[in-house]
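Computed from the coordinates by the stated procedures, all read-outs in this text should not be read as laboratory data. Given the structure is predicted, the values throughout are model-derived calculations rather than measurements. Note that we place each Cβ from the backbone using ideal geometry, even for glycine, and neighbour counts take in every protein chain shown.
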Amino acid sequence: MKAISVVVPLYNEQDNIIALHQEIVKALSGHCEFEIIFVDDGSTDHTAQVARTLKPLKYIRLRRNYGQTSAMDAGIKAARYPYIATLDGDLQNDPVDILRLLDYLEENDLDIVSGWRKKRHDSLAKKFVSRGANVLRSILVKDNIHDSGCTLKLYKRECFATITLYGEMHRFIPAILQIKGFKVGELEVNHRPRQHGVTKYNWKRTVKGFLDMISVWFWNKYAVRPLHLLGGFGLISLGLGFGFGLWTILLAIQGMDLSNSMQPYMSLFFIGLGFLFLMIGLIADMMTKIYYGLKIETPYTIHQVLDFEEAPVDQAAKSGGQI
């Protein structure tokens, strides 16, 4: 049978996780071998107490709130099966779609299938921000994904052999994997309105996501050759500096008073800026070599890992049908 690790990052979802756990078990039981990994991202409600009552479950609790990306990375690293499915803990993703993603992945020989919430049940503000981000992503990242922000995705485990997620990078996993040569697909999935709790998205996450988008763009274009970008800016700046320098010399030959002229200062400014870009480019190039030569640490620490292996007990059956 196929085997899937289901990774769910959680933050203050005490009212959702029992129903979510039941839906995952119902959707996958009898169809594949599976494990459920709940990663508690420093919840301040009773998420931890509720999670301890669920079986089968691997429960990972981070020491504080590091963010959804770090929680997802911790769960992915703890997964032991060849396929990894990720979904939100707010019940808006439908666990029934996991097997559909798996079938689509195998039928099309893909490494990752991203869910597409074509009919979204979110607020107008959230939809507007999401669409704006999609436009920017299509320009900068060009991952050909309609809804990269959808957490419901299915991966082959080897996709994460050399990847550590940070910031808000979970939104750009398809783009990162495409950069590394993995084959990415997309499939429409069900999206449901939130019933309990409140959304965790705010303007801060939007800003972080935009900055991470720029990081992905840079990583795609210049990760192994930063000197080409920064050195290019340096050469342009040096060219402008020498141009202003020649202009200054021509004005001096003509006998013009340069005491109040900006040309000499512009020449010095652009020449200095050009050398600065070149030096930064060389340093970035050396740091890139160091990065690829060292093991990068994860940006979070785990407080505890609890592994509940036994199947849930039917209390009615256990008591002979009497409760």
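All other residues with a Cβ under 9 Å from the Cβ of residue 305 taken together, and with Lys, Arg as +1 and Asp, Glu as -1, what is their net charge?
Values: positive: 58, 61; negative: 307.
Neighbourhood net charge equals +1.
Packing order of peptides 159-169, 89-99, 6-16, 252-262, highest average first: 6-16, 89-99, 159-169, 252-262 (average count of other Cβ atoms within 10 Å over each peptide's residues).
Length gained on full extension, residue 32 to residue 188: 54.0 nm, using 0.36 nm per residue less the C-alpha separation.
Note on residue 1 and residue 211: their simple-model spin labels are 4.5 nm apart, each label 7 Å out from Cα toward Cβ. Just check the stretch 53-119 against the gyration tensor rule for me: Cα atoms, a ≥ b ≥ c as the square roots of the eigenvalues, rounded for a/c under 1.5, and otherwise prolate or oblate depending on whether a/b exceeds b/c. Note, shape of the stretch 53-119 comes out prolate.
The calculated FRET efficiency for the pair residue 286 and residue 247, based on their C-beta separation and a Förster distance of 30 Å, comes to about 0.25. Each Lys or Arg adds one and each Asp or Glu subtracts one; over the other residues with Cβ under 9 Å from the Cβ of residue 83, this totals +3. If we count every other residue with Cβ under 13 angstrom of residue 23's Cβ, Lys/Arg +1 and Asp/Glu -1, where does the sum land? Residues close to residue 23 contribute a combined charge of -2. Decide, for the stretch 1-116, between rounded, prolate and oblate: order the square roots of the alpha carbon gyration tensor eigenvalues as a ≥ b ≥ c, take rounded if a/c falls under 1.5, and otherwise choose prolate if a/b is larger than b/c, else oblate. Cα axes put the stretch 1-116 in the prolate bin. Shape verdict for the stretch 226-293, please, from the Cα gyration tensor: rounded (a/c under 1.5), prolate (a/b greater than b/c) or oblate. Prolate, since a/c reaches 1.5 and a/b exceeds b/c.
Evaluated with a Cβ-only charge set (Lys, Arg +1; Asp, Glu -1), the stretch 9-128 carries a dipole of roughly 400 debye about its Cα centre, given to the nearest 20.
Label reach from residue 19 (point 7 Å along Cα→C-beta): in the stretch 52-92, amide nitrogens under 14 Å belong to 89-92.
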